[in-house]
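Following: one structure in structure tokens, then a few remarks.
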Amino acid sequence: MKTTLIRQSVFSLVCVWILGIMFTTSVRAEDGNVNVLKPDDYIQELEPYVEIQADGTLRLNENYQSLDLPNEFIQRVETSFSHMNELIKKGDMKVNQDLSISPRYPTTTLQATAMASSNKGCGQSGHKVYWWGYNIYLDCNETRTTYQSFKAGGGASVGLATLSRYIPTPPTQLASAIAGTIGGGFIGFGQMIKDEHKGNGVRIRFTGLGYAAIPSGIFPQ
């Protein structure tokens, strides 16, 4: 039991460190326009070149060099892959075909993927964990409750509690990440969620794992 707990703790800390060194670019609203999120799109550009090798480890297809991406970002990705591949070879984690991550030992930093469809047929709720961070899915009811909480300002405790179910970070840390990266703070974040809700809820992308997680995109389901 003690050995398992130690491995869980080490795995948790390594995952935070890996994602923390990969993604350091701040995300902010453009010119104060709370309807537009300026994400770090390097992930989206690079992901088609991320490959799973026969032994389950990750590598970048050499054709990624055709992309105009900063060398520093590529170096961080390759460094993170090196450490993640060590965990994969040890059997502590595996990467699925959709590049989501399944830990052998779920931790407070990296929980297993969990998804559920709304009983009212208006989207899904849950989360998926990937090599780059999280996709959080809120159905129509959760979306409405969440954006109302953030738009009300104050502590936005309901909205933070909703997100904290999927991102195992203390609400105060999550609040700092949102306030530090989103123009307009909580109110701006709530407006973005409302704007992207088209009837079936939203998908919120957080880049980084655990304490390294920052919001980097909001999309309709």
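Among the residues of the stretch 82-126, write down those that are of a type outside the set (Gly, Ala, Ser), open to solvent by less than 60 Å² (accessible area, probe 1.4 Å) and at pLDDT 85 or above.
ASN85, ILE88, VAL95, ASN96, LEU99, CYS122
From the list ILE218, ILE204, ILE187, exactly one residue is touching a Phe, Trp or Tyr at 6+ places or on another chain (Cβ under 7 Å) and in contact (Cβ under 8 Å) with a residue 12 or more places away in the chain. Which is it?
Answer to the selection: ILE187.
What residue, among those in the stretch 171-199 that are out of contact with any strand residue (DSSP E or B) (no Cβ under 7 Å at 6 or more places or on another chain) and among the polar types (S, T, N, Q), is nearest to CYS122 (Cα to Cα)?
Selected residue: GLN191.
Are there any pairs, at least 6 apart or on different chains, whose C-beta atoms fall under 8 Å, with the first in the stretch 151-162 and open to solvent by 20 Å² or more (accessible area, probe 1.4 Å) and the second in a helix (DSSP H, G or I) and of a type in the set (D, E, K, R), and if so, which?
LYS151/LYS194
Just to be sure, is ILE204 at pLDDT below 85, buried (at least 20 other Cβ atoms within 10 Å of the Cβ), under 28 Å from SER80 (Cβ atoms) and of a type outside the set (Ser, Thr, Tyr)?
Taking the combined requirement at face value, the residue does not satisfy it.
Among the candidates ALA179, ALA213, ALA175, which residue alone is among the aliphatic types (A, V, I, L, M) and under 13 Å from the mean Cα position of the chain (by Cα)?
Within the list ALA179, ALA213, ALA175, the selection yields ALA213.
Exactly one of (1) crowded, with 17+ Cβ neighbours inside 10 Å; (2) assigned to a loop (DSSP other than H, G, I, E, B); (3) at pLDDT 85 or above is unmet by ALA54. Its number?
(1)
The values are calculated or read from the model by the stated rules, or taken from the named source; none is laboratory data. Note that this is a predicted model, so its numbers are computed, not measured. Cβ coordinates were reconstructed from backbone atoms using ideal geometry, including for glycine residues, and neighbour counts include every protein chain displayed. SASA here: full protein model, heavy atoms, side chains in, ligands and nucleic acids out. Shrake-Rupley method; radii C 1.70, N 1.55, O 1.52, S 1.80 Å.
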